[in-house]
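Reviewing the structure listed below.
The values are calculated or read from the model by the stated rules, or taken from the named source; none is laboratory data. These figures come from a predicted structure and were not determined experimentally. Every residue, glycine as well, gets a Cβ built from its backbone with ideal geometry; the counts of neighbours run over all protein chains shown. SASA here: full protein model, heavy atoms, side chains in, ligands and nucleic acids out. Shrake-Rupley method; radii C 1.70, N 1.55, O 1.52, S 1.80 Å.
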Amino acid sequence: MTACSDRHELVLLSGMLGDDTAWAEVASDLADVAHASFPRIDQADTIAALAARVLAAAPERFALAGHSLGGIVALQVVRDAPERVTHLALVNTSGRDASPAQLESWAALSDRTLDGEFGTVADELGRATLPESRREPDLVARNVAMADTVGASGLLRQLQSQVTRPDSRPHLGSVGVPTLVVSGALDHVCPPALQEELAAGIPGARHVVLETTGHMAPLEAPHELAQVLREWLTD
């Protein structure tokens, strides 16, 4: 077992409507090699401001893993402070800016939230972000419950931050740390082709596909994800 003093500082960023419980089992599995922290990404309404908040809360040097929206923020963090990031992991995420269809969808979710439908929106997203084969009641309930931490105002900020997401693809070649890209083969929210694009653009990146997993890899397959993160941290 790695001595406590040798453990990595590991910053874990959840996706939209996620909280630290998304990563709880992953962090527990990695406790012998990493000390995890979980900065929130629902307290500002631009990707740049969210990245600045992560950097303000993070240790001086740290490994960084981001899921979905958290991965978009992670890419901004490594652009803004490359000297502070030792390792980068991108899980179920994309390097692209927003598409017209995404902008339309996020505007509709924002309008519904403003109209008092936050609970319904959270319930719908809690199901929609899981593949049909993984919509077991317990997993759906855990996915939905995280929304209570973020709340309606946090979701509105996250939806607005999504609008500001930059196209990270021109900057991928400048990533100079060991990078892991993780896909869920059943991810219909952010399909594996988008992670293939990330891995192809980042020098030396390793791409791992979790075959029975959809968009919520940290919840759906925490032990499998922890194992590939362990290899990323300790190789």
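For the reader, a short list of remarks on this structure follows.
- Inter-centroid distance (Cα atoms) of the range 1-75 relative to the range 91-115, Å: 23
- Solvent-accessible heavy-atom area per residue, rounded to whole Å², over the chain at 1.4 Å: 42
- The helix-based estimate of mean residue ellipticity at 222 nm for the chain, built from -39,500 (n - 2.57) per DSSP H run of four or more residues and divided by its residue count, is -14000 deg cm²/dmol to the nearest 500.
- Residue 102 paired with residue 234, simple spin-label distance in nm, labels 7 Å along Cα-to-beta-carbon: 3.4
- Net charge in the neighbourhood of residue 47 (other residues with Cβ under 15 Å of its Cβ; Lys, Arg +1, Asp, Glu -1) is +2.
- Rolling a 1.4 Å probe over the protein heavy atoms of the chain, with every protein chain left in place, gives an accessible area that is 52 percent carbon and sulfur.
- Summed side-chain charge close to residue 191 - residues other than residue 191 whose Cβ falls under 12 Å, Lys, Arg +1, Asp, Glu -1: -2
- The residues packed around residue 67, meaning those with a beta-carbon under 12 Å from its beta-carbon, carry a net charge of -4 if Lys and Arg are +1 and Asp and Glu are -1.
- To the nearest ten degrees, helix 47-57 and the longest principal axis of the Cα atoms of the chain are 50 degrees apart.
- Entry for percent of Cα pairs over 27 Å apart (calculated from the structure that is shown) out of (i) 42; (ii) 27; (iii) 59: (ii)
- Contact order normalised by residue count of the chain, Cα under 8 Å, 6+ apart, percent: 25
- Computed label-point distance, nm, for sites residue 227 and residue 31 using a 7 Å Cα→Cβ extension: 2.1
- Seen against the Cα atoms of the chain and their longest principal axis, helix 192-201 is set at about 40 degrees.
- Taking label points 7 Å from Cα along the Cα-to-Cβ direction, residue 61 and residue 127 give a separation of 4.9 nm.
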